1. With runs of 4+ DSSP H residues as the only contributors, calculate the mean residue ellipticity of the chain at 222 nm using -39,500 (n - 2.57) per run, divided by the residue total and rounded to the nearest 500.
2. Per residue and in cubic angstrom, what volume does the convex hull of the Cα atoms of segment 392-489 have?
3. How would 35, 406, 98 line up from fewest to most surrounding beta-carbon atoms within 10 angstrom?
4. What is the Cα radius of gyration of segment 66-142 over 2.2 N^0.38 Å, N being its residue count?
5. Give me 325, 73 ranked fewest to most by other Cβ atoms within 10 Å of their Cβ, as a rough exposure proxy.
6. Suppose we keep just the DSSP beta bridges with both residues in the chain; what percent of those would be antiparallel, to 5?
7. Restricting things to alpha carbons, find the Rg to Rh ratio for the chain using the Kirkwood radius for Rh.
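What follows draws every value from the coordinates through simple rules; no lab data is involved. All of these numbers come straight from a predicted model, not from anything done at the bench. All Cβ positions, even for glycine, are placed from backbone atoms using ideal geometry, and neighbour counts span all protein chains on display.
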């Protein structure tokens, strides 16, 4: 049976990898446009919910003849589409019960959980994507590899999606790759590295950024010398700063973090839709050193550093729409012009090269200096910021987790704290708002003394003042009233730090009005 999820070009991964490195971006984009149009037409004919959706929006699908017309197709999201129709109406031909599915669920952090069915064909889709970057970055065809899957196992997409993908690609490509699935069990993760890692040319750890940091830190405490294992790290689920990448890489003994770390951009709705590449990481690093270049790419305040990734438009067709990104793809529930609710944008490879040139950046020299020659892809870029709902609002100012993350990564603080925290805004007895930050100590360390508390307060406040213009304005007016109030918790305390993988960086206040 034809695999709707994968274009024919994915039948030959090695040729496709060569094409990504040397081919024509315009041909990739044209193929993506054609596939997005075909997806729209197929959904209009075969998905009962989408037929009804278009009817209610008074759109005749026959009038959508080209990619310019496609931009007039109304956006889909969870509220106006997925939650409006029974799940069987959202499937191809209304068939749900007759098919075999794996089910993944949203975390519920932004609303009521939604259950997404996934066909085996979608596992093959991610397997092909993973095969490409594992070949490009980690040479899995040449090196024996132990992949330690540290994503949460269960109803969440990360762990089982990774398991299925690595299992598929290893058998299809006959690569010498071994998979172990300890999930969020840190004891088993460290045991597997200690007892098996020495048998392989490299060890790859996949997991959520704050959780991987815990694993690296606790491994060092347990006497593991990470540099002995030629480590690679694959992150997912949230963005992080280049300081975080540098910090993790140093502790893990990773010499070339541009090549041996990467972050996914994915959703439970559509799976892994883009990922960092050596080129995108390099450009992100350069942008931090050159503000004019940064502004030419992202056109936003430098305090909000987005994840910059590349993607194949024939698999996932991205569009920039009113400062956000929408995506069309053949996913378990097919989705066209689906609003990801993420702030960000899209750039072609050609546009990126032009902006490098106009800012005096010789990209070929930078690629050579970063030792990633022959590993860069001529594919478009998508960039996304942390979701707006991860911020808290303090006296009208948005305070983002990213600012506090960077403060805790300060060299003076990182030796004491795990890097995890939870922000809340409360009202005091006078109904003045204040920012509370709950901070987790490092494993085995007690709560801080007065001098460390004072230094922590100073560094966090200083970082907010430096990076967050909204906070700076209210601080000039209210000073102490809006200064962060810090609470410290021992490692793994269940109130805010259960060790369950994804960290909840912010919680909406439970204060009663």
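1. -11500 deg cm²/dmol
2. Cα convex hull per residue, to the nearest whole number: 93 Å³.
3. So the ranking, lowest neighbour count to highest, is 98, 35, 406.
4. 1.50
5. 73, 325
6. So the antiparallel bridges in the chain amount to around 60 percent.
7. 0.96
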